[in-house]
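Everything on this sheet refers to the single structure shown next.
The values are calculated or read from the model by the stated rules, or taken from the named source; none is laboratory data. Predicted model only: the values in this text are computed from it and were never measured. For neighbour counting, all protein chains shown are included, and Cβ atoms are generated from backbone atoms with ideal geometry for every residue, glycine included.
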Amino acid sequence: MIHVLIVAPTPALRAGLRVLLAEANVEIVGAIGSIADSAGIPAATDVILAADESVLTDADQVLGEEPRYAALLLTDDARQADVVRRLPLTAWGMLTHDVSAAELAAALHAVEQGLIVLAPELASRLVHHRPEPVEEPAGEPLTARERDVLELVSQGLSNKQIAQKLQISEHTVKFHLSSLFTKLGVSSRTEAVNRGARQGIITL
């Protein structure tokens, strides 16, 4: 039995998702308004079902560093894949808001098994969206602290280890990572290291 936490901004949406899951082989362990809700994530949760991207605000701070949950996001915006795949999740998926009950149930079981799930129309948009490679920083140059963080990322250190090394908080490390990702025009730690090496910011 899969244990599902519903995260939706309104009572009506939460009730609607409960109805969609009524015939599915899942147990609903809770229903909250946002991932940062004071009620927290129940310990038994296997999959977080997010009604839209707005409920994932501050998700990186709530989920912690070690992946413990899978997540399924309902969205019509394929670009949200960049947001979801940065989160510490065991697996993730995205379906459109017009998903059927059967499709929703199947997707929940798939992500719980560690698979990546994408609605066909969202997958098609991602495949055909090929931005030009960015070889120069998207914005201003990295600060000295951002360079320090990137150097430690290249050494394979976790956010916690980087925080200890630089004597700053993990939250501050995440802030620096988000900033340098934007400046380098990347969406992952691996891409940041590769881009930084190509630009001579760090040496591998």
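Got a sec? Which of Ala107, Ala123 is in a helix (DSSP H, G or I) and either surrounded by fewer than 13 Cβ atoms within 10 Å (Cβ to Cβ) or modelled with pLDDT under 85 (or both)?
Ala123
Taking the condition under 18 Å from Leu95 (Cβ atoms), basic (Lys, Arg) and surrounded by fewer than 18 Cβ atoms within 10 Å (Cβ to Cβ), does Arg14 pass?
no
With (1) outside the structural domain of Gln80 (by TED's automatic domain parsing); (2) touching an Asp or Glu at 6+ places or on another chain (Cβ under 9 Å); (3) modelled with pLDDT of 90 or more; (4) small (Gly, Ala, Ser) as the list, and Ser154 as the residue in question, which single condition is left unmet?
(2)
Any chance segment 19-42 includes a residue that's among the acidic types (Asp, Glu), modelled with pLDDT of 90 or more and surrounded by fewer than 14 Cβ atoms within 10 Å (Cβ to Cβ)?
Scanning segment 19-42, I find at least one residue that is among the acidic types (Asp, Glu), modelled with pLDDT of 90 or more and surrounded by fewer than 14 Cβ atoms within 10 Å (Cβ to Cβ), so the answer is yes.
Please specify each residue of segment 39-62 satisfying the condition of being without any contact (Cβ under 8 Å) to a residue 60 or more places away in the chain, of a type in the set (S, T, N, Q) and not in a loop (DSSP other than H, G, I, E, B).
Across segment 39-62, the qualifying residue is only Ser54.
Of (1) touching a helix residue (DSSP H, G or I) at 6+ places or on another chain (Cβ under 8 Å); (2) assigned by TED's automatic domain parsing to the domain that holds Pro67; (3) at pLDDT 90 or above, Gly114 satisfies all except one. Which?
Unmet for Gly114, out of (1) touching a helix residue (DSSP H, G or I) at 6+ places or on another chain (Cβ under 8 Å); (2) assigned by TED's automatic domain parsing to the domain that holds Pro67; (3) at pLDDT 90 or above: (1).
Quickly run through segment 159-204 and pick out the residues that are part of a loop (DSSP other than H, G, I, E, B), more than 21 Å from Val62 (Cα to Cα) and either touching a Lys or Arg at 6+ places or on another chain (Cβ under 7 Å) or β-branched (Val, Ile, Thr) (or both).
Hits for segment 159-204 are Val186, Ile201, Ile202, Thr203.
List, please: which pairs have Cβ atoms under 8 Å, are six or more places apart or on different chains, and start with a residue in segment 141-160 that is in contact (Cβ under 8 Å) with a residue 40 or more places away in the chain and charged (D, E, K, R) and end with one that is part of a loop (DSSP other than H, G, I, E, B) and surrounded by fewer than 17 Cβ atoms within 10 Å (Cβ to Cβ)?
Correct list of pairs: Lys160/Glu65.
Can Ala24 be described as at negative phi and touching a helix residue (DSSP H, G or I) at 6+ places or on another chain (Cβ under 9 Å)?
Yes.
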